[in-house]
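Working notes, structure below.
The values are calculated or read from the model by the stated rules, or taken from the named source; none is laboratory data. These numbers come from a predicted model, not from an experiment. In this analysis, Cβ positions are derived from the backbone assuming ideal geometry, glycine residues included, and neighbour counts consider all displayed protein chains.
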Amino acid sequence: MNIIIPIKQVPETSNVKMDPETGTMIREGLVSIINPLDLFAIELGIVLQEEAGGSTTVLSMGPPKAAEALREAMAMGCTDGILLSDRKFAGSDTWATSYALAQAIRKNGDFDLVICGERATDGDTGQVGPGIAAWLDLPVATYVSRLVENRPGSLVVERLVEDGYETLEVEKPCVLTVVKEAAYPRLPTLRGKQRARKTELPVWGAVDIDADPAALGLKGSPTRVVKINTPKVTRSGDIRTAGDPAELEAAVDDLVAYLEKIDLV
Amino acid sequence: MQDYSGVWILAEQRHGTVQTISYELLTRGRALADTLGVPLAAVILGPTDDAGLDELIRRGADRVIIADAPELAEFLPEPYTRTMAHLVKTHQPEIIIAGATSSGRTLMPLLAITCHAGLTADCTGLDIEDETGNLLQTRPAIGGNIMATIKSPAHRPQMATVRPKSTRPAPADPARTGALIRETIDPELLKSRVKRLGFTPADADAANIQEAEVVVAGGRGLKKGDNFGLINALAALLGGAVGASRDAVDRGWIGYPHQVGLSGKTVSPKLYLCAGVSGSIQHLAGIKTSENIIAVNSNPEAQIFQVANYGIVGDLFEVLPLLIDKIKAKQAATAATV
Ligand SMILES: Cc1cc2nc3c(=O)[nH]c(=O)nc-3n(C[C@H](O)[C@H](O)[C@H](O)COP(=O)(O)OP(=O)(O)OC[C@H]3O[C@@H](n4cnc5c(N)ncnc54)[C@H](O)[C@@H]3O)c2cc1C
Ligand SMILES: Nc1ncnc2c1ncn2[C@@H]1O[C@H](COP(=O)(O)O)[C@@H](O)[C@H]1O
């Protein structure tokens, strides 16, 4: 089974600091990591490949530095990596990103399955996975929370929706996007790291994937960012301190009164 | 581009019943259509009961476009995308908005590629640009740290998904009238390489957290999973659902369907009461539209207090048991007087 796993390198955003003057992200000291939600895609891919044989190819579109993310995924156990890097890709929205990734997947040859993360923590759209499926005209299952069975011509998966889990049978080749319930990511091993360092990592540009230049980058992107601002979330609430028993008693009494005022008790 | 006119909302039905998100979309769609001076249509795929279709009109749609083939009863990516692409080609709307739901977030990117259209995910604000009539789409980005406004000036239709609960459902006006348009779809378009084999409902509590009037949530401050008992007890007393921070979910104290925030669910209840939650920007992204926010946290600097209407700086293991006792006492007293 040949599996392609598109992964994105993102800034570690859990404690991003914003410049209050300019409303932009302070990039100094920010570490780049594999999009945390892609780790579940990587793990599921490796598990499937360990069972069924074949290959797991991680694919990333980004600056040369994104090679780090690919090597880390290979250290976890992915067999191959491809870096898509070219100035022509810069400024791509999800439409142009999924086009470039789909072209690279086509170019790479036969495959049975593409596994994406649910969404990237920076772009945060969740649109690239289905986008790839649309470009490749493949069936897709999103929000996959469990792989139930790998059948000869299809996969049976469970999909997380608002009110429960759907069980779906999806014909191969297909695209899945997975949520974090789908797998429990392993850590890279030392041997894996050594192997990853030695494995060749091809870098492809726009020409290598036979891409239509008009569909790439900012020029090929239907959407435009017109404005950025920093949201201010402040309510001037009534904040009490419950340091000693008397304060505690009073604060809780007032809380009950508040609930009463809004008709909840 | 000039050939494209009119605003569409993609209404959702589940098991034949129109979902609330459809009415929230009508609130958005009505405002956009009125600003542009064009009609508003609700599109609904799959067999839907007639009362539900009329309700879409009463809540603001000028027309309802219905594709009620049985193959569309449940969401399946291919038949839904092909049907929508066919409808878009026939009617050429300038704007399509859908819910940022499991189906909306799947269908819309598939459709956007098919129609060569721009698509913005998870919007919290939609507006029309004065001079151009372009759709301005505002959404949180970089973990909720910024708001970005996006447009698709050169492509039609302009497409966006909208966060559930980020606006109120449109009210019903019994006097409103409108047209129901039934479309016949070529069976070729309804083929699917994805088959639905079954469905397992989630536990009712997790399923209704987005609909609940009260959400009581816990975070890492609870120290261990068993202590969710306090949150459950309080939620039960207030007739509410149970929510959690990502930290609590990651620790396995409660299931992912309960997660509130950027990578979980957005809630918009009358009351959001949380304890032991620090109020990270990602968590706040999911609770901002709540009417009342009440927080209990031992750290006076916790960010949650910046958005709380009422807060107690204190130990949740003291505050919650006392609160539970006092509410019980109050409820018993009220029960005794009626
Ligand atoms: C891309 C991205 C997406 C994310 N999405 C989400 C999301 O959807 N939802 C989400 O919640 N998080 C999300 N996070 C994680 C988020 O950044 C925080 O890590 C998380 O919300 C913290 O959870 P917490 O408040 O429970 O834990 P902590 O931040 O550790 O806070 C625990 C709080 O409990 C208080 N406390 C401790 N003991 C007591 C006591 N005895 N009594 C009272 N208070 C006490 C502490 O003062 C502290 O404020 C996301 C992060 C990223 C990067
Ligand atoms: N630049 C990229 N390179 C490789 N994969 C990507 C890239 N951007 C997005 N993806 C994949 O698409 C998923 C959804 O991303 P997004 O639509 O940006 O939220 C991610 O989890 C990745 O699997």
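Annotations for the structure displayed:
- The one condition in (1) in contact with a strand residue (DSSP E or B) (Cβ under 7 Å, 6 or more places away or on another chain); (2) of a type in the set (A, V, I, L, M); (3) part of a helix (DSSP H, G or I) that A:L138 fails to fulfil: (3)
- From the list A:L176, A:L201, A:L218, A:L168, the lone residue that is away from ligand 2 (no atom under 16 Å from the Cβ) and at negative phi is A:L168.
- A single member of B:K270, B:K288, B:K265 is modelled with pLDDT under 90 and either more than 17 Å from B:Q210 (Cβ to Cβ) or facing chain A (nearest Cβ under 8 Å) (or both), and it is B:K288.
- Count of segment B:119-141 residues, restricted to those that are at the interface with chain A (Cβ under 8 Å from one of its Cβ atoms) and modelled with pLDDT under 90, is 2.
- Within segment B:142-169, residues that are within 7 Å of another protein chain (Cβ to nearest Cβ) have Cβ atoms under 6 Å from residues that are surrounded by fewer than 21 Cβ atoms within 10 Å (Cβ to Cβ) and among the basic types (K, R) in these pairs: B:T149/A:K227; B:K151/A:R224, counting only partners at least 6 apart in sequence or on another chain.
- Of the residues contained in segment B:303-322, none is found to be modelled with pLDDT of 95 or more, closer than 14 Å to B:K165 by Cα and either away from ligand 2 (no atom under 16 Å from the Cβ) or in the same structural domain as B:I142 (by TED's automatic domain parsing) (or both).
- Checked against the criterion of being more than 20 Å from A:S98 (Cβ to Cβ) and assigned to a loop (DSSP other than H, G, I, E, B), the candidates B:T149, B:T132, B:T138 yield just one match: B:T132.
- Going through (1) facing chain B (nearest Cβ under 7 Å); (2) surrounded by fewer than 24 Cβ atoms within 10 Å (Cβ to Cβ) one by one, A:T142 falls short only on (2).
- Restricting segment A:192-215 to residues that are more than 14 Å from every other protein chain (Cβ to nearest Cβ) and among the hydrophobic types (A, V, I, L, M, F, W, C), the residue that is surrounded by the most Cβ atoms within 10 Å (Cβ to Cβ) is A:A211.
- Restricting attention to segment A:107-132, the residues being of a type in the set (K, R) and more than 16 Å from ligand 1 (Cβ to nearest atom) number 1.
- Any chance B:V307 is in contact with a Pro (Cβ under 7 Å, 6 or more places away or on another chain) and farther than 14 Å from B:G218 by Cβ: no
- There is no residue in segment B:15-23 that is in a strand (DSSP E or B), more than 19 Å from the chain's Cα centre (by Cα) and either assigned by TED's automatic domain parsing to the domain that holds B:S152 or not basic (K, R) (or both).
- Total residues in segment A:107-123 satisfying the condition of being at pLDDT 95 or above, out of contact with any Ser or Thr (no Cβ under 6 Å at 6 or more places or on another chain) and within 13 Å of chain B (Cβ to nearest Cβ): the figure is 1.
- Matching residues in segment B:318-333 - criterion: being free of Cβ contacts under 8 Å to residues at least 12 places away in the same chain and either outside any helix (DSSP H, G or I) or more than 8 Å from chain A (Cβ to nearest Cβ) (or both): B:D325, B:A329, B:A332, B:A333
- Of the residues making up segment A:174-188, those that are buried (at least 20 other Cβ atoms within 10 Å of the Cβ) and more than 10 Å from chain B (Cβ to nearest Cβ) are A:L176, A:V178, A:A182, A:A183.
- A:A211 vs. criteria of a type in the set (A, V, I, L, M), within 25 Å of the chain's Cα centre (by Cα) and not in a strand (DSSP E or B): yes
- No other residue among A:L264, A:L255, A:L248 is within 7 Å of another protein chain (Cβ to nearest Cβ), surrounded by 15 or more Cβ atoms within 10 Å (Cβ to Cβ) and at pLDDT below 90 apart from A:L264.
This table checks each residue for (1) touching a Cys at 6+ places or on another chain (Cβ under 8 Å); (2) without any contact (Cβ under 8 Å) to a residue 60 or more places away in the chain; (3) among the charged types (D, E, K, R).
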site: B:D34; (1), (2), (3): no, yes, yes
site: B:V64; (1), (2), (3): no, no, no
site: B:D68; (1), (2), (3): no, no, yes
site: B:A73; (1), (2), (3): no, yes, no
site: B:H86; (1), (2), (3): no, no, no
site: B:I96; (1), (2), (3): no, no, no
site: B:R105; (1), (2), (3): no, yes, yes
site: B:C115; (1), (2), (3): no, yes, no
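- Residue match in segment A:69-79 (condition: in the same structural domain as A:S145 (by TED's automatic domain parsing), of a type outside the set (A, V, I, L, M, F, W, C), within 12 Å of ligand 2 (Cβ to nearest atom) and surrounded by 21 or more Cβ atoms within 10 Å (Cβ to Cβ)): no
- As a summary of the residue check, B:V88 satisfies the conditions (1) farther than 13 Å from A:P130 by Cβ; (2) part of a loop (DSSP other than H, G, I, E, B); (3) more than 16 Å from ligand 1 (Cβ to nearest atom) except for the one numbered (2).
Conditions tested, residue by residue: (1) within 11 Å of chain B (Cβ to nearest Cβ); (2) within 16 Å of ligand 1 (Cβ to nearest atom); (3) surrounded by fewer than 22 Cβ atoms within 10 Å (Cβ to Cβ).
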residue: A:A90; (1), (2), (3): no, no, yes
residue: A:W95; (1), (2), (3): yes, no, no
residue: A:S98; (1), (2), (3): yes, no, no
residue: A:I105; (1), (2), (3): no, no, no
residue: A:A134; (1), (2), (3): yes, no, no
residue: A:P152; (1), (2), (3): no, no, yes
residue: A:Y165; (1), (2), (3): yes, no, yes
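- Here A:S85 fits the description: modelled with pLDDT of 95 or more, surrounded by fewer than 24 Cβ atoms within 10 Å (Cβ to Cβ), within 13 Å of ligand 2 (Cβ to nearest atom) and more than 14 Å from chain B (Cβ to nearest Cβ).
- Residue that is farthest from ligand 2 (Cβ to nearest atom) [pool: residues in segment B:273-283 that are within 9 Å of chain A (Cβ to nearest Cβ), surrounded by fewer than 24 Cβ atoms within 10 Å (Cβ to Cβ) and touching a residue at least 40 places away in the same chain (Cβ under 8 Å)]: B:I281
- Among (1) in contact with a strand residue (DSSP E or B) (Cβ under 9 Å, 6 or more places away or on another chain); (2) part of a loop (DSSP other than H, G, I, E, B); (3) within 8 Å of another protein chain (Cβ to nearest Cβ) - the single one A:I228 does not satisfy: (2)
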